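Chemist: Questions regarding the structure given below will be posed in turn.
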Amino acid sequence: RPVLARHGAPWTLFVTSGFADQAGRLWWIELEHAIARLDRVRIDIGSRSVDLPARSPQEKALAFEVVYRDLRRGREADLLDRIAELCRQAGFPPGRIASELCLSWAELRDLAADPAVTIGAHTVSHPMLAKHDAAFAAHEIAEGRARIEAELGRTVRHLSYPVGDPTSAGPREFALAREMGFATAVTTRPGHLFAEHAAHLQALPRVSVNGCHQTGAALAGLLSGVPFLAWNRGRRVNVA
Ligand SMILES: [Zn+2]
C-alpha cells in the first residue's frame, strides 16, 4: 500500500468474504505449509497413490507441483479432503490460515476509506466455480458481493474469479457476472488488454506478477506481451 501510494497508483483488492470472516480454506497455502513440514508426501489421488520424497527444497517443490496439478484436475471436494489429510499428517489443523493471513473487516474498512483503493468481490469461499452447478456458482458470487457491501457500506462493481483459469471460470461464469451487473470481471487467463475486450468486460485477461516473475527482466518480458501471444496462439481475445 505505501509503495503504490508513493507512485500515485490506484489499485483493486478482491475480497473473499469468508476469508475476511476468518473462515474457509486457503487450500493452496495449506498444501504449501504441509509439504514444508513433511519429509515424505503420501496421498491417494483418485485411484493413484502418490508417494514422493520431500526433504530438500527441490523435492518439496516437485512434490507440491505433482500434488497440486493432480488435485486441481479432480473434484473440489476431493481436493479439500486430501489436503486436510496432509495438514493432519503435518501436525496442524486445516482451516486456520484465513485467521492467520487474511485481512479482517476492520482492516478492510480502513483500506476502503482510501480513494486510491477499489474493493472487488472474490466469492464467499473461493471455489473453482466452473466445477460446481450453476445455482452454487451464482450464490457464491452474489453472496460474496452482498457481504462486502453490507460490511463496507459501498457498492461493489468488480469481480475476480477464484483460481480464474478455464477449468474454474468459463462462459457460464462470464454470463452470470454480466447478468449480476458487474462492470468488469477478471480471469487469470494470461494476456494483455486489447480494444476487442470492450465486448468481453466480464472475461478480462491478466498479467500475473507473482513470486515466479519478480525480476526486472521477467517483468519486461511479460509487459512486452510476447509470451502471451504465443500462449494464446496469436489470438488477442480468449473467452471461450
Ligand atoms: Zn484468489
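Chemist: Is it fair to say Arg69 is outside the structural domain of His139 (by TED's automatic domain parsing), in contact with a Gly (Cβ under 8 Å, 6 or more places away or on another chain), basic (Lys, Arg) and surrounded by fewer than 19 Cβ atoms within 10 Å (Cβ to Cβ)?
Modeler: Judged against the criteria, Arg69 is not a match.
Chemist: Considering (1) of a type outside the set (Val, Ile, Thr); (2) within 30 Å of Ala137 (Cβ to Cβ); (3) assigned by TED's automatic domain parsing to the domain that holds Leu129, say which one Phe64 fails and leave the rest.
Modeler: Going through (1) of a type outside the set (Val, Ile, Thr); (2) within 30 Å of Ala137 (Cβ to Cβ); (3) assigned by TED's automatic domain parsing to the domain that holds Leu129 one by one, Phe64 breaks only (3).
Chemist: I need the full set of residues from the stretch 80-108 which are closer than 14 Å to Ala34 by Cα and either under 17 Å from the mean Cα position of the chain (by Cα) or open to solvent by less than 50 Å² (accessible area, probe 1.4 Å) (or both), in order please.
Modeler: Selection gives Leu80, Ile83, Ala84, Leu86, Cys87, Ala90, Phe92, Pro94, Gly95, Ile97.
Chemist: Just a yes or no: is a residue in the stretch 23-42 away from the ligand (no atom under 16 Å from the Cβ) and modelled with pLDDT under 95?
Modeler: no
Chemist: Next question. With the condition kept exactly as written, say whether any residue in the stretch 82-95 is within 16 Å of the ligand (Cβ to nearest atom) and among the hydrophobic types (A, V, I, L, M, F, W, C).
Modeler: yes
Chemist: From (1) open to solvent by 60 Å² or more (accessible area, probe 1.4 Å); (2) over 30 Å from His158 (Cα atoms); (3) at pLDDT 95 or above, pick out the condition that doesn't hold for Ser49.
Modeler: (3)
Chemist: Report whether or not Thr188 is surrounded by fewer than 20 Cβ atoms within 10 Å (Cβ to Cβ), touching a residue at least 24 places away in the same chain (Cβ under 8 Å), more than 14 Å from the ligand (Cβ to nearest atom) and closer than 22 Å to Gly225 by Cα.
Modeler: Taking the combined requirement at face value, the residue does not satisfy it.
Chemist: Does Glu140 count as within 16 Å of the ligand (Cβ to nearest atom) and farther than 30 Å from Leu229 by Cα?
Modeler: yes
Chemist: Follow-up. Identify, by number, the condition in (1) more than 16 Å from the ligand (Cβ to nearest atom); (2) under 17 Å from the mean Cα position of the chain (by Cα) that Ala183 doesn't meet.
Modeler: Among (1) more than 16 Å from the ligand (Cβ to nearest atom); (2) under 17 Å from the mean Cα position of the chain (by Cα), Ala183 violates only (2).
Chemist: Inside the stretch 139-149, can you point out the residues that are under 12 Å from Ala121 (Cβ atoms) and either among the aliphatic types (A, V, I, L, M) or open to solvent by 30 Å² or more (accessible area, probe 1.4 Å) (or both)? Explain how you work it out, then say what you get.
Modeler: Filtering the stretch 139-149 down to residues under 12 Å from Ala121 (Cβ atoms) leaves 140-149.
Of everything in the stretch 139-149, those that are under 12 Å from Ala121 (Cβ atoms) and either among the aliphatic types (A, V, I, L, M) or open to solvent by 30 Å² or more (accessible area, probe 1.4 Å) (or both) turn out to be Ile141, Ala142, Glu143, Arg145, Ala146, Arg147, Ile148, Glu149.
Chemist: Taking the stated definitions as given, is Arg236 part of a loop (DSSP other than H, G, I, E, B) and touching a residue at least 40 places away in the same chain (Cβ under 8 Å)? Don't jump to the end; show me each part of the working.
Modeler: Details: part of a loop (DSSP other than H, G, I, E, B): yes; touching a residue at least 40 places away in the same chain (Cβ under 8 Å): yes.
Answer is yes for this residue.
Chemist: Which residues, counting only those in the stretch 82-97, are modelled with pLDDT of 95 or more and assigned to a helix (DSSP H, G or I)?
Modeler: Residues satisfying the conditions are Arg82, Ile83, Ala84, Glu85, Leu86, Cys87, Arg88, Gln89, Ala90.
The values are calculated or read from the model by the stated rules, or taken from the named source; none is laboratory data. All of these numbers come straight from a predicted model, not from anything done at the bench. Cβ sites come from the backbone with ideal geometry, for glycine too, and all protein chains shown count toward neighbours. Heads up: the accessible areas ignore ligands, DNA and RNA and are worked out on the full protein's heavy atoms, side chains in. Shrake-Rupley method; radii C 1.70, N 1.55, O 1.52, S 1.80 Å.
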